[in-house]
Amino acid sequence: MMATNGVVAFDEAVEIVLRHAAGLDRLSTETLALLDCRGRVLAEAVVADRDQPPFDRSTRDGFAVRAAEAAGAALRVLGLVRAGERWQDGALEQGAAIEIMTGAPMPEGADAVVMVEHVERLGEAVRRIEGRTIRAGENVVLRGSEARRGEDLLAAGTVMGATELALAAACGYSELRVYRKPGVAIVATGDELVELDTPPGEQQIRNSNSYGLAAMVGEARGRPWRLAVARDLREEILERVTEGRRAEMLLLSGGVSMGKYDLVEEVLAELGAEFFFTGVKMQPGKPVVFGRLPARAEFPAQFFFGLPGNPVSTQVTFHCFVEPLLRAMGGGGVQGPRFVQATLDEDVAGKAGLMRVLPARLKADRVRPEVRVVGWQGSGDLAANARANCYAVLPPDKERFLVGDVITILLR
Ligand code: AMP
Ligand code: MG
């Protein structure tokens, strides 16, 4: 008998997924060369190895002075200090200035830098030009004011972009510990499916889901692993699922509806699966299944999703349920689907009792972003989904949504 939570409301399904995301065991990590960490999730803190800046630093080319003395008197220029050097001839004397380049350490005794553009030269001396004032501290960044030695500058869980990589480099990291990308086995099921190298017969369909899913897995920081299509036969589904046990997560597409040849749930149940839900009150995507296969001698327990086969349903349910769990498995923390709000610029029908998640086009290049549902022929209409760039999320308690209504959209 199949253990099941049955069909749940959309919000509850998201909650169930997030609960499992929050309860994940310790995630595995790997150490990579700094530049290979781009787009990866940090598994350790990046710590300042010294004060930043490491000395009081001039931010301008000019003259290091005592601000109080620079009011108009001519100051004797004692010499010059360049970036990478340090002034060696003792503290700045009264009535004197030291020429200084951007990035050079301040000589002892000086407390400000007058920009080179703001002085006039009088032979061996300089004088601040009329009308310019100078305060102590001006054009100087004090040692440790950006960061203190030992301070955490990036926390574990940070996604490494260009700025983060540069910061890690500034702290001397040539490699970093990051979370491993979870491997995701992808199994498309269906008698009607053919692979790309086979010309489809008239009633056959190309297996596009494996590609769409592989791309989405990659975008959600997983490592996709496409397995061969399983026909709608118990043994073949079982064989493929068994093969896919080596991955951290298993994604199946198709075979989860009520049809006579929808065998995915049965096969998973025979393997002792727990089911966290076996359907969600949404459209498209209602038949989506989420559960876990039990640990076996050679394999740990494995989360799986049975996604409906219609390509738009497959993609919608991926974004709503698979993506949050996968991101968490990759160290990205517990975060639900990415929802934002936009204003409808065309009426659209809801569906009582079902959360509608419809392909839609967001125009975000304005202060009040506008969204419109794209015309489509239903959940098989991949072309319509390609004309969309987000999904309009229409709650189950309303029949009609009107121009000007602010609605939730799901980003993808
Ligand atoms: P199912 O969820 O198995 O009932 O599949 C519903 C419909 O989705 C099928 O009739 C196909 O038209 C389509 N479909 C199923 N699997 C795929 C796939 N891997 N790639 C593209 N379309 C699919
Ligand atoms: Mg099928």
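The values are calculated or read from the model by the stated rules, or taken from the named source; none is laboratory data. Quick caveat, the model's predicted, so the values are computed rather than measured. Cβ: placed from backbone, ideal geometry, glycine included. Neighbour counts: every protein chain shown. Surface accessibility is based on the protein's heavy atoms, side chains included, excluding ligands, DNA and RNA. Shrake-Rupley method; radii C 1.70, N 1.55, O 1.52, S 1.80 Å.
Scanning segment 249-305 for residues that are within 16 Å of ligand 1 (Cβ to nearest atom), in a strand (DSSP E or B) and open to solvent by less than 40 Å² (accessible area, probe 1.4 Å) yields a total of 11. Taking every residue in segment 203-232 that is under 27 Å from TYR179 (Cα atoms) and free of Cβ contacts under 8 Å to residues at least 40 places away in the same chain and pairing it with any residue that is part of a strand (DSSP E or B) and away from ligand 1 (no atom under 13 Å from the Cβ), at least 6 positions away or on another chain, the pairs with Cβ-Cβ distances below 8 Å are ALA214/PRO224; ALA215/PRO224; GLY218/PRO224. Considering only residues in segment 306-325 that are within 16 Å of ligand 2 (Cβ to nearest atom) and either outside any loop (DSSP other than H, G, I, E, B) or among the hydroxyl-bearing types (Ser, Thr, Tyr) (or both), the one that is farthest from GLY336 (Cα to Cα) turns out to be PRO311.
The one condition from (1) of a type in the set (S, T, N, Q); (2) open to solvent by less than 60 Å² (accessible area, probe 1.4 Å); (3) within 30 Å of GLY309 (Cα to Cα) that THR158 does not meet is (3). LEU268: aliphatic (A, V, I, L, M), farther than 26 Å from LEU27 by Cβ and at pLDDT 95 or above, yes or no? Answer is no for this residue. Any residue in segment 374-387 that is without any contact (Cβ under 8 Å) to a residue 40 or more places away in the chain sitting within a Cβ distance under 8 Å of a residue that is assigned to a loop (DSSP other than H, G, I, E, B)? List the pairs, counting only those 6 or more apart or interchain. As it stands, the answer is VAL374/ALA388; ARG387/VAL374, since those pairs meet every condition given. The lone criterion from (1) farther than 30 Å from GLU248 by Cα; (2) surrounded by fewer than 18 Cβ atoms within 10 Å (Cβ to Cβ) left unmet by GLY6 is number (1). For segment 24-97, list the strands (runs of 3 or more DSSP E) that sit wholly inside it and hold at least 1 residues that are open to solvent by 40 Å² or more (accessible area, probe 1.4 Å); which are they? Those strands (runs of 3 or more DSSP E) span 29-33, 75-81. Only one of the numbered conditions (1) more than 30 Å from ALA301 (Cα to Cα); (2) open to solvent by 20 Å² or more (accessible area, probe 1.4 Å); (3) within 16 Å of ligand 1 (Cβ to nearest atom) is not met by VAL194, and that is (2). Taking residues in segment 112-139 that are in contact (Cβ under 8 Å) with a residue 40 or more places away in the chain, and partners anywhere that are open to solvent by 40 Å² or more (accessible area, probe 1.4 Å) and of a type in the set (S, T, N, Q), the pairs with Cβ atoms closer than 8 Å and at least 6 places apart or on different chains are VAL113/THR59; ASN139/THR59.
If you go through segment 172-212 and keep only what is touching a strand residue (DSSP E or B) at 6+ places or on another chain (Cβ under 7 Å), charged (D, E, K, R) and more than 16 Å from ligand 2 (Cβ to nearest atom), you end up with GLU175, ARG177, ARG180, LYS181. Reported count of residues in segment 156-194, each being at negative phi and over 17 Å from the mean Cα position of the chain (by Cα), is 22. Within the option set ALA188, ALA136, being touching a helix residue (DSSP H, G or I) at 6+ places or on another chain (Cβ under 6 Å), within 28 Å of PRO54 (Cβ to Cβ) and either open to solvent by 60 Å² or more (accessible area, probe 1.4 Å) or part of a strand (DSSP E or B) (or both) holds for one residue only, ALA136. Which one is nearest to GLU44 (Cα to Cα) among residues in segment 331-348 that are open to solvent by 40 Å² or more (accessible area, probe 1.4 Å) and in contact with a strand residue (DSSP E or B) (Cβ under 8 Å, 6 or more places away or on another chain)? Among those that are open to solvent by 40 Å² or more (accessible area, probe 1.4 Å) and in contact with a strand residue (DSSP E or B) (Cβ under 8 Å, 6 or more places away or on another chain), it is ARG338. Candidates ALA328, ALA349: the one that is out of contact with any helix residue (DSSP H, G or I) (no Cβ under 8 Å at 6 or more places or on another chain), away from ligand 1 (no atom under 16 Å from the Cβ) and small (Gly, Ala, Ser) is ALA349. Across segment 206-243, which residue is nearest to GLY190 (Cα to Cα) among those that are open to solvent by 90 Å² or more (accessible area, probe 1.4 Å) and part of a strand (DSSP E or B)? That would be ARG206.
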